[in-house]
Amino acid sequence: MSKFHKWLYYRGAKKRNPSLFKHFSDLKKTEKCELAELKKLNEERLQKLCIFAFENSEFYRDRFNRVSFDPVNSWSLAGFQRLPQVSKKDLIEFNSEIHTPSHFFKKRFFVETSGTSGEILTFHRDESWDSFNRASIWRGYSWFGVNPWDRKLYFWGYNTAPLKRIKLQILDFMVNRFRLFDYDADRLKKLLPKLKNVSIIEGYSSMIYELANILEDRKPQFGSLKLVKGTSEKVFPHYQDIARKVYGLSIANEYGATESGIIAFECPNGNMHLNMEGVYVEQDPEDGGILVTNLQSYSFPSIRYKLGDQIELAPETYECSCGLKAPVLKEVTGRIGKKIFGRNKIYPSLTLYYIFKNLYFNDHKTIDFQAHQYEVGKLEIWVKEPVTESLNSMILTEASKYFSDLDLSLIENHDFRQQSGKLRDFVSHLD
Ligand SMILES: [Zn+2]
């Protein structure tokens, strides 16, 4: 079966993504480079992209001119850093001015992506960029001894419209994966016998975690599992405890976004390595937010793009024991900009992350939560477990170290996973 799927994969990729194999073999070569070489390659690609954008994208030409930065004749990183940041709003509003002419590309794919705040971004992704992205994921797989054509279990959409479902099932067969459409305990149970052939489990981290919770008592047999990959969401420490227990593996994080590609991929030794061949990463000195320049995005460049996540990079001298020299992204700590309103003070929503992290590390208490604010000065914290006196006082005591003018109420609620998409730890209902 695996041979057949490998054949299918190659056949499909040759047709759809002809440059995939070249990108993959290049990535396998450059991953062995020393840090200095990687940084050189990284900057060379940055300059090349900037020149292309300067010469071919109306939006960027204007931005480069405004700060008198000419990437062709006077390239410097200092000059580059003068460029204004680009927001998602810019990508949407100046969409056609950002796009470079289509005649440069043999083939482009139409991409549509929606953010958590509901706005929809569409753009054209050229074949090389698309293939590079796939090759980056493939490289990440290769660190775990798996291939894109191996058997996968995939959690993603909640889209259950029958026709769409059939389409997805055909597509899934082609790429050797089966997926969970619904988040339903009975359906998950039926999954058990299939698990022994799965090599890769992937999807939102919170769903991988929830699956582990449901499987815990059922003693699932994972004969061929080599990689559990979590995407798009923060991996909390208590997710890892149960993942190791149930899957025998930690959740490896893949960090990226549709518009900026794969930013980092976690190695088997538990460190997220920056994808130096694919992205130029900076940190906004103002708020610690990540700025990403996608080095492959020729058809729709995103340069100094403010993704909205707060990150922490390991010091440059840090070396991972796996041998890869690409810099390490220590943590994606959360989203920037979401605010909790006290009666007089304003708190970043990231505060919640610290409160529950402390409870885990200091009190060894694992709490699945989601916070909602409907009124200024008040915050509801939904928890999955029964609200006891001791849980109440534990959370309120920890929270009082951070919040001084906010009334907290704990509410037992099991259903906060039911909404589709990313699991957010804070939802504001204020205008
Ligand atoms: Zn490593």
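The values are calculated or read from the model by the stated rules, or taken from the named source; none is laboratory data. Keep in mind that what you see is a predicted model, and the values were worked out from it rather than measured. Reconstructed Cβ throughout: ideal geometry from the backbone, glycine too, with neighbour counts over all protein chains shown. Quick note on the areas: whole protein, heavy atoms, side chains included, nothing else; ligands and nucleic acids left out. Shrake-Rupley method; radii C 1.70, N 1.55, O 1.52, S 1.80 Å.
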Discussion item. Give me the one-decimal nm value for the distance between modelled label points at residue 405 and residue 269, 7 Å along each residue's Cα-to-Cβ direction.
Written reply: 4.9 nm
Worksheet item: Amide H neighbours of residue 154 under 5 Å, counting only residues 5+ apart in sequence or on other chains, H built in-plane at 1.01 Å?
Response: 178, 179, 180, 202
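Taking all pairs of different Cα atoms in the stretch 202-263, averaging 1/r and flipping that mean, what Kirkwood radius in angstroms comes out? List each step's numbers first, then the result.
Values: mean 1/r = 0.0832 Å⁻¹.
That comes to 12.0 Å for the stretch 202-263.
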Fill in: Estimated [θ] at 222 nm from DSSP helical runs (n ≥ 4, -39500 (n - 2.57)) normalised by residues in the chain, nearest 500
-11000 deg cm²/dmol
Item to complete: Based on the mean of other Cβ atoms within 10 Å per residue, sort peptides 309-320, 351-362 so the most packed one is first.
Response: 351-362, 309-320
Worksheet item: In whole Å and largest first, what semi-axes does the C-alpha gyration tensor of the stretch 339-428 yield when each eigenvalue is scaled by 5 and square-rooted?
Response: 18, 17, 12
Discussion item. Can you work out the Karplus-derived ³J(HN,Hα) for every residue in the stretch 94-104? Use 6.51 cos²θ - 1.76 cosθ + 1.60 with θ = phi - 60°, whole Hz, and x for glycine or proline.
Written reply: 10, 3, 6, 5, 6, 4, 8, x, 5, 5, 6
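Any chance you could list the semi-axes, whole Å, largest first, of the equivalent ellipsoid that the Cα gyration tensor gives for the stretch 1-102, using √(5λ)?
Values: eigenvalues 232, 86, 25 Å².
Gyration-tensor ellipsoid for the stretch 1-102: 34, 21, 11 Å.
If you keep only loop residues by DSSP, which GluC sites (Glu not before Pro) in the stretch 103-155 have at most 15 other Cβ atoms within 10 Å of their Cβ?
Working: sites: 112, 119, 127; in loops: 119.
Sparse-neighbourhood loop GluC sites (Glu not before Pro): 119.
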Worksheet item: Size of the stretch 78-129 along its principal axes in angstrom, Cα-based, largest extent first?
Response: 33, 33, 17
Practice prompt. Calculate the spin-label point distance for residue 217 paired with residue 316, positioning each point 7 Å from the Cα along the beta-carbon direction, and give it in nanometres.
Written response: 5.4 nm
Practice prompt. Please work out the Cα center distance from the stretch 213-249 to the stretch 267-325, rounded to the nearest Å.
Written response: 26 Å
Practice prompt. List every residue whose amide H lies under 5 Å from the amide H of residue 267, counting only residues 5 or more places away in sequence or on a different chain, with H placed 1.01 Å from N in the peptide plane.
Written response: 272, 273
Worksheet item: How large is ³J(HN,Hα), in whole Hz, for each residue of the stretch 214-222 in order, when computed from phi with the Karplus curve 6.51 cos²θ - 1.76 cosθ + 1.60 and θ = phi - 60°, using x for Gly and Pro?
Response: 6, 7, 3, 7, 9, 6, x, 9, 10
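Would you work out what percent of the accessible area of the chain, with all protein chains in place, is carbon or sulfur (probe 1.4 Å)?
Here carbon and sulfur together make up 52 percent of the probe-accessible area.
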Worksheet entry | Heavy atoms of residue 82: accessible area, 1.4 Å probe, square angstrom to 10 | 120 Å²
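Would you mind checking 245/384; 226/365; 234/357; 39/325 for any pair whose Cα atoms are more than 19 angstrom apart? Could you put the intermediate results ahead of the total?
Working: 245/384 21 Å; 226/365 29 Å; 234/357 12 Å; 39/325 10 Å.
In this structure, 245/384; 226/365 lie more than 19 Å apart at Cα.
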Discussion item. At q = 0.10 Å⁻¹, what log₁₀ I(q)/I(0) does the chain have when each alpha carbon counts as one equal point scatterer in the Debye sum?
Written reply: -0.78
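Can you tell me, using C-alpha contacts under 8 Å and at least 6 residues apart, the relative contact order of the chain as a whole percent?
Working: 754 pairs, mean separation 60.6, N = 431.
Relative contact order comes out at 14 percent.
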Response to the item:
Per the 1/(1 + (r/R0)^6) rule, R0 = 51 Å and r from the Cβ atoms of residue 26 and residue 431, FRET efficiency to 0.05 is 0.55
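By DSSP, what percent of the beta bridges with both residues in the chain are antiparallel, rounded to the nearest 5? Don't jump to the answer; show the numbers that get you there.
Working: 36 of 63 bridges.
Within the chain, antiparallel bridges account for around 55 percent of the total.
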Worksheet item: Hey, what does the equivalent ellipsoid look like for the stretch 261-409, semi-axes from the Cα gyration tensor as sqrt of 5 times each eigenvalue, largest first, whole Å?
Response: 35, 20, 12
Worksheet item: Which FRET efficiency value, to the nearest 0.05, do you get for residue 51 and residue 357 by plugging their Cβ-Cβ distance into 1/(1 + (r/R0)^6) with R0 = 41 Å?
Response: 0.40
Fill in: Amide H contacts under 5 Å for residue 331, placed H, 5+ residues apart
312
Worksheet item: Going by accessible area, probe 1.4 Å, with all protein chains left in place, what is the ranking of 5, 429, 124, 364, largest first?
Response: 364, 429, 124, 5
